[in-house]
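The values are calculated or read from the model by the stated rules, or taken from the named source; none is laboratory data. These figures come from a predicted structure and were not determined experimentally. When we count neighbours, we look across all protein chains shown, and the Cβ atoms used for this are built from the backbone with ideal geometry, even at glycine.
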Amino acid sequence: MSKWQFTKGLHDIGNGCYAYLQPDGSWGWSNAGLIVDGDDCLLVDTLFDLPSTGAMLAEMKSSVPASRRIRQLVNTHANGDHTFGNQLVEGAEIIACRACAEEYAETPPERMIQRARNWQNLGVGGAFAQELMWSRFDYRGVVSTPPTKLFEKSMDVKVGDTVVSLTHLGSAHTRGDILVHLRDKKILYTGDLLFVGGHPVIWDGPIDNWIRICQHILDDLDVDVIVPGHGAIAEKAQVREMRDYLVFIRDEARRYYEAGLPYDEAAQKVNFGEFSGWLDPERIVINFASLYREFSGSTAHLDRMVLFEQMKRYREARVAAGHGPHCHHG
C-alpha cells in the first residue's frame, strides 16, 4: 500500500517536488509534476484541456508561490493528455525530445480534436471513443503549442541549483517518451512509461524496449518516489508489476499469434490473473493489435476507429460474462 494518497490535486513529495494527480487515472486522467528550487520552477506536463490545466496551475500558484512564473515546461511525450494545456504556461521554454516534437507536429491538437469531432458521427467506434475519453473534457480554445527546445537522447536542465536529467530511451508507449530524473533527490517522473493500477497502452512499441526501460529503472536508477503518467504515486514495486505485465501480455499475444487467432478474438481469451483488478482492461485490444503488428514486421498505423469498435465489443463481452466493464483498483 502506497504511503501517498491517491486524491485529486497537488501532493508534496518532498525535496521541492510535487505531483499533481487526477484519479482514477483512466482514459485522459493524467498526472503532472512540479519541481521547485528557490524561486525557480519547472512543470512536468500539462493536462488534457484548458479548464483542468488552468485549475492545476491555480492550485500550484496558491500553494507554491514560485510557480507563479514557470520558466520551463517538460513534455514527457506528445499525447494530448500531457500537452493540450501547454499554451497556459505562458513564456515557458517547452522542452521535449525530438521524437516527441515530431509526433506532436504530425497530430497537433487542432487536428486531433477535429478528428474526435468527426468520429462522433462515425458509428460505434466513434461513439465509444466519445464515451471513454472525449466527452469528459472541454477542448474549446486549445491551440497548438509545440516544444521549443529539443534534445535527441539526453539533456540536463537546471532548476535553481537542482539538476534534472531528461532521457529518451527509444520508442515504447509512444515514439517520444522520456524519463525525468532527479538523481540527488531520488525522485522520478515517468510520464506514460509507467501506469499504476491500470492497463498501459502500447501505441508504438516495441514492447521489448518498454520492458528494458522498466528494467533500467529497477536496476540503474536510485529512486524512492516515482510519479507515473496515470495512477497513484509509486515506488519500484509498481515498476516491477508493470514490467511483469508487459512480459505477460507479450508472451500471451505471441502464443495466440502463432496459433493463427485474430488479435481481437485472442484479446477476449486472456485471463489477467494478478492484473485482473487493473483499470481499462479493454486496452488489451490495442496492445494485442500492436503486438501482432510487431510480430508480423508491419509498420502500418493502427486504425483507432476500428480499435475503439473492438474495445466496445470487448467490454460488452466482459459484462455479459459477469465482469464489470471497468475494473476498479482492488
* Structure fact -> Within the range 204-238, of all residues that are touching a residue at least 40 places away in the same chain (Cβ under 8 Å), assigned to a loop (DSSP other than H, G, I, E, B) and in contact with a strand residue (DSSP E or B) (Cβ under 9 Å, 6 or more places away or on another chain), the one surrounded by the most Cβ atoms within 10 Å (Cβ to Cβ) is G231
* Asked: Does at least one position in the range 118-135 carry a residue that is among the aliphatic types (A, V, I, L, M), surrounded by 16 or more Cβ atoms within 10 Å (Cβ to Cβ) and within 25 Å of I233 (Cα to Cα)?
  -> yes
* Asked: Looking at this structure, is F248 in a helix (DSSP H, G or I), touching a residue at least 12 places away in the same chain (Cβ under 8 Å), in contact with a helix residue (DSSP H, G or I) (Cβ under 9 Å, 6 or more places away or on another chain) and surrounded by fewer than 17 Cβ atoms within 10 Å (Cβ to Cβ)?
  -> yes
* Among the candidates T190, T167, T174, T148, single out the residue that is at pLDDT 95 or above, of a type outside the set (F, W, Y) and surrounded by fewer than 15 Cβ atoms within 10 Å (Cβ to Cβ). => T148
* **Close pairs from the range 150-163: first touching a residue at least 24 places away in the same chain (Cβ under 8 Å) and more than 17 Å from C97 (Cα to Cα), partner of a type in the set (D, E, K, R) and assigned to a strand (DSSP E or B), Cβ under 8 Å, at least 6 apart** => V159/D37; V159/D40; G160/D37; G160/D40; D161/D37; T162/D37
* In the range 64-117, the residues that are of a type in the set (V, I, T) and either in contact with a helix residue (DSSP H, G or I) (Cβ under 7 Å, 6 or more places away or on another chain) or without any contact (Cβ under 8 Å) to a residue 24 or more places away in the chain (or both) -> T76, T83, I94
* Mind telling me which of the residues V157, V163 ends up being in contact with a Leu (Cβ under 8 Å, 6 or more places away or on another chain), farther than 21 Å from G176 by Cα and not in a loop (DSSP other than H, G, I, E, B)? => V163
* Structure fact -> For strands (runs of 3 or more DSSP E) lying entirely in the range 2-84, having 2 or more residues that are under 20 Å from the mean Cα position of the chain (by Cα) and either acidic (D, E) or buried (at least 21 other Cβ atoms within 10 Å of the Cβ) (or both) picks out 17-21, 32-37, 40-44, 72-74
* Asked: Quick one: which of D45, D24, D12, D49 is modelled with pLDDT of 95 or more, charged (D, E, K, R) and either over 22 Å from W203 (Cα atoms) or touching a Cys at 6+ places or on another chain (Cβ under 8 Å) (or both)?
  -> D12
* Just to be sure, is I94 at pLDDT 95 or above, in a loop (DSSP other than H, G, I, E, B), of a type in the set (A, V, I, L, M, F, W, C) and over 17 Å from the mean Cα position of the chain (by Cα)? -> no
* Asked: Which residues, taken from the range 191-203, are farther than 18 Å from E103 by Cα and part of a strand (DSSP E or B)?
  -> L194, F195, G198
* Asked: When you go through (1) loosely packed, with under 15 Cβ neighbours inside 10 Å; (2) among the hydrophobic types (A, V, I, L, M, F, W, C); (3) outside any loop (DSSP other than H, G, I, E, B); (4) touching a helix residue (DSSP H, G or I) at 6+ places or on another chain (Cβ under 7 Å) one by one for V143, which number turns out not to apply?
  -> (3)
* Single match in S171, S135 (criterion: closer than 15 Å to F308 by Cα, among the hydroxyl-bearing types (S, T, Y) and within 19 Å of the chain's Cα centre (by Cα)) -> S135
